[in-house]
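Engineer: Here you go, one structure.
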């Protein structure tokens, strides 16, 4: 499963790159903060993809969201 470590897997050409899980704050990883600017998402957040990663046998993949500030 070597492709799972590529944080850009699953993003379409021209879209913003989703950071790997190791670079996200707890709020970004949990989906309560914007994946790109880390501001809290109170309303208007939109699913933008999945951050992909692995730590040994642990799957770190998680859905991520962007706030209206970065859409």
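The values are calculated or read from the model by the stated rules, or taken from the named source; none is laboratory data. What you see is a predicted model; the values in this text were computed from it and never measured. Heads up, the Cβs are rebuilt from the backbone with ideal geometry, glycines too, and the neighbour counts pull from every protein chain shown.
Engineer: When you look at residue 62, is it touching a helix residue (DSSP H, G or I) at 6+ places or on another chain (Cβ under 9 Å), modelled with pLDDT under 95 and surrounded by 15 or more Cβ atoms within 10 Å (Cβ to Cβ), yes or no?
Structural biologist: no
Engineer: If I filter segment 21-37 for residues that are touching a helix residue (DSSP H, G or I) at 6+ places or on another chain (Cβ under 8 Å), at pLDDT 95 or above and loosely packed, with under 13 Cβ neighbours inside 10 Å, do I get at least one hit? Write out each step before concluding.
Structural biologist: Residues of segment 21-37 that are touching a helix residue (DSSP H, G or I) at 6+ places or on another chain (Cβ under 8 Å), as a first pass: 21, 29, 33-37.
Those left that are additionally at pLDDT 95 or above: 21, 29, 33-37.
Within this subset, residues satisfying the condition of being loosely packed, with under 13 Cβ neighbours inside 10 Å are 37.
Yes, because at least one residue in segment 21-37 is touching a helix residue (DSSP H, G or I) at 6+ places or on another chain (Cβ under 8 Å), at pLDDT 95 or above and loosely packed, with under 13 Cβ neighbours inside 10 Å.
Engineer: Would you check which residues across segment 1-20 are modelled with pLDDT of 55 or more, touching a strand residue (DSSP E or B) at 6+ places or on another chain (Cβ under 9 Å) and farther than 16 Å from residue 60 by Cβ and list them? I'd like the intermediate steps shown before the answer.
Structural biologist: In the first step, residues of segment 1-20 are kept if they are modelled with pLDDT of 55 or more; the result is 14-20.
Now drop any that are not touching a strand residue (DSSP E or B) at 6+ places or on another chain (Cβ under 9 Å), which leaves 15-16, 18-20.
Selection gives 15, 16.
Engineer: Which of the following residues is touching a residue at least 12 places away in the same chain (Cβ under 8 Å) and under 11 Å from the mean Cα position of the chain (by Cα): 69, 34? Full working, then the answer.
Structural biologist: Working: 69 fails: under 11 Å from the mean Cα position of the chain (by Cα).
Of 69, 34, the one residue that is touching a residue at least 12 places away in the same chain (Cβ under 8 Å) and under 11 Å from the mean Cα position of the chain (by Cα) is 34.
Engineer: A follow-up question, please. Residue by residue through segment 38-59, note down the ones that are touching a residue at least 40 places away in the same chain (Cβ under 8 Å) and touching a helix residue (DSSP H, G or I) at 6+ places or on another chain (Cβ under 9 Å). I'd like the intermediate steps shown before the answer.
Structural biologist: Taking segment 38-59 first, the residues touching a residue at least 40 places away in the same chain (Cβ under 8 Å) are 50-54, 59.
Across segment 38-59, the qualifying residues are 51, 52, 53, 54, 59.
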